[in-house]
Amino acid sequence: MPTLPTPTPHDFDVLIVGSGLAGLSAALHLAPTHRVAVLTKRALSDGSSGWAQGGIAAVLAEGDSFEAHVDDTLVAGAGLSDPAATRFVVEHAPESIAWLQALGVPFSQEDGELHLTREGGHSARRIVHVTDATGAAVQKTLIEQVRRTPGITLFEHHTLVDLITASKMAGKSAHAADGPDRCLGLYALNEATDEVVTFSAPHTILATGGAGKVYLYTTNPDTATGDGIAAAWRAGCRVANMEFIQFHPTCLYHPHAKSFLITEAVRGEGGRLLLPESAGGTRFMPLHDSRAELAPRDVVARAIDFEMKKHGLDCVHLDISHQPLAFILAHFPNIHARCLELGIDIARQPIPVVPAAHYTCGGVLTDLDGRTDVAGLYAIGETACTGLHGANRLASNSLVECMVFARSASHDILATPMPQPPEVPAWDDSRVTDADELVVISHNWDELRRFMWDYVGIVRTNKRLDRAARRIALLQGEIQDFYAHFHVTRDLLELRNLVQVAELIVRSAQARHESRGLHFSRDYPEMAATAAPTLLIPPAA
Ligand SMILES: Cc1cc2nc3c(=O)[nH]c(=O)nc-3n(C[C@H](O)[C@H](O)[C@H](O)COP(=O)(O)OP(=O)(O)OC[C@H]3O[C@@H](n4cnc5c(N)ncnc54)[C@H](O)[C@@H]3O)c2cc1C
């Protein structure tokens, strides 16, 4: 554990963990006046932001209004979206789009105006996009900008290990009576040297994305292991609404296809969901909802989950083969090409699909400036729970949330007088390497993701949640032992965080005695008359 204070090798004004849309936006806002470090655990481009296809929601069309965007968001949030946070995001969304345009993002245009699409749940056309690869275009522009901005130092392949707080340095717990604890910096594993490096700064921003990897099937990239949520929790921050995990109904199921989304437009264009031949080959959505395949995504995801569990299936089928090849090529060229690479001709055969964890609605509790319970520590983007998404996220509201809170957190930091640089202890590297470690880590990782899928997935019951909680407790003991005694690796750090996040999801789900938004419990199928967020308070750190 930490040794005596030593001079720190890396001293900055602001540390930003994560290089997605949230992290890079904050870096660009802060760099003109502050010395900023951006740490990211893989390459700069890795993360969910680059994978976003649809676009970014903002009120820009004539006839649309802030009220309408706020209302649509509150309806999706099923009574749990915070009206003030929602209005804050909606009102700042247009200036975020203008900011991206000024940086050079080539948004799709029509007749010299931004082209706006419409998505499920939105009452107007308000989604700006760059064809069907919005996130990649935005990330490319931001990466070019941060690379040429002098005030930003980039640390790729650096994985956050833990935050350094004043109370941990003093070797005591953070008690409310002492006032808020303060974040002084962090430890990060440098993969190039295999060393844990110390960073110090008066301000730290967590922008580490979501936690989709806690589930066996996910649309998220490998980076989405909930690291920021787990680290903030360990540092003493409250987390909220972790039971609300959004599942996308149709992700390609194939051993060589990881996280490939089959857009909901396939169902919109007449695609039918079928049981595989082994289970009868019949269409099942009409049995679940009168809107059949056109029911909202959480209804479709639940129906698929039900059929898979009932018949013991690995996947179901989505069939668009009744449409002519020319139609398929015109509407779904990428899906057609990707499936063909894997030997599936979607013009002649159905697509094997499974639902997959897509978005983490909950996270580290923050205010409108991205501030957490620990002074000097901010959380922005998918890592945070700002109150916008409530019990269900409205499509295309997440990228805009990243930008709005990157800006407000940066403004808060810019308005704060710069304190003395904190002195922080170096990492104690007396731990040893254990050859047994790798197999245990990969086994535990697989086990966790499988039982989270089976027991804490789309449909929950008290019994399944209890089962998951027992297994999580066992894994936590084992992983804590590894963490305390052995040399840390990225896999170990990620597993430690995933198990922590899994515990937070299960505890939140157990605390909610109703079904609301994305949380569905067979034991409590009705929605309660009143709505309250699920707040988890960490034990004294
Ligand atoms: C397939 C897909 C499609 C989507 N489509 C849309 C869409 O059309 N519109 C929309 O609004 N939203 C969409 N979303 C959601 C949206 O992309 C994400 O919510 C958003 O990009 C999150 O941005 P972020 O900056 O918070 O996190 P990310 O972009 O995920 O970035 C997180 C960063 O943190 C780094 N990191 C994580 N842990 C550590 C650690 N321990 N140490 C150092 N670095 C770390 C990662 O490497 C990464 O750089 C989509 C998501 C997916 C997966």
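The values are calculated or read from the model by the stated rules, or taken from the named source; none is laboratory data. The shown structure was predicted, so the numbers you read here are calculated from the model rather than taken from an experiment. All Cβ positions, even for glycine, are placed from backbone atoms using ideal geometry, and neighbour counts span all protein chains on display. Remember, those area values only see protein heavy atoms, side chains included, never the ligands or the DNA or RNA. Shrake-Rupley method; radii C 1.70, N 1.55, O 1.52, S 1.80 Å.
A few notes on this one:
- Answer residue from the range 197-217, given it is farther than 22 Å from residue 182 by Cα and of a type in the set (A, V, I, L, M, F, W, C) and is farthest from the chain's Cα centre (by Cα) among those: 216
- Strands (runs of 3 or more DSSP E) wholly inside the range 281-396 that include at least 2 residues being under 30 Å from residue 166 (Cβ atoms): 363-365, 377-379
- Residue in the range 58-65 that is open to solvent by 10 Å² or more (accessible area, probe 1.4 Å), among the hydrophobic types (A, V, I, L, M, F, W, C) and within 8 Å of the ligand (Cβ to nearest atom) present: no
- Residues that are open to solvent by less than 50 Å² (accessible area, probe 1.4 Å) and at positive phi, drawn from the range 79-106: 104
- For the range 406-429, filtering for residues that are more than 9 Å from the ligand (Cβ to nearest atom) and either small (Gly, Ala, Ser) or under 23 Å from the mean Cα position of the chain (by Cα) (or both) leaves 6.
- When 76, 68 are checked against the criterion of being open to solvent by 10 Å² or more (accessible area, probe 1.4 Å), of a type in the set (Gly, Ala, Ser) and within 15 Å of the ligand (Cβ to nearest atom), 76 stands alone in meeting it.
- Output for the range 192-205, where each listed residue is out of contact with any strand residue (DSSP E or B) (no Cβ under 7 Å at 6 or more places or on another chain) and in a loop (DSSP other than H, G, I, E, B): 192, 193, 194, 202
- Residue among 523, 428, 466 that alone is at pLDDT below 95, open to solvent by 10 Å² or more (accessible area, probe 1.4 Å) and not aliphatic (A, V, I, L, M): 428
- Residue in the range 472-499 that is surrounded by the fewest Cβ atoms within 10 Å (Cβ to Cβ), counting only those that are within 14 Å of the ligand (Cβ to nearest atom) and polar (S, T, N, Q): 489
- Among residues of the range 67-89 that are within 11 Å of residue 531 (Cα to Cα), those with a Cβ under 6 angstrom from a residue that is part of a helix (DSSP H, G or I), sequence gap 6+ or separate chain, pair up as 81/73; 81/74.
- In the range 107-123, the residues that are open to solvent by 20 Å² or more (accessible area, probe 1.4 Å) and in contact with a helix residue (DSSP H, G or I) (Cβ under 6 Å, 6 or more places away or on another chain): 121, 123
- Qualifying residue in the range 262-274 (condition: part of a loop (DSSP other than H, G, I, E, B) and touching a Gly at 6+ places or on another chain (Cβ under 8 Å)): yes
- Every condition in (1) more than 15 Å from the ligand (Cβ to nearest atom); (2) open to solvent by 20 Å² or more (accessible area, probe 1.4 Å) holds for residue 41 except the one numbered (1).
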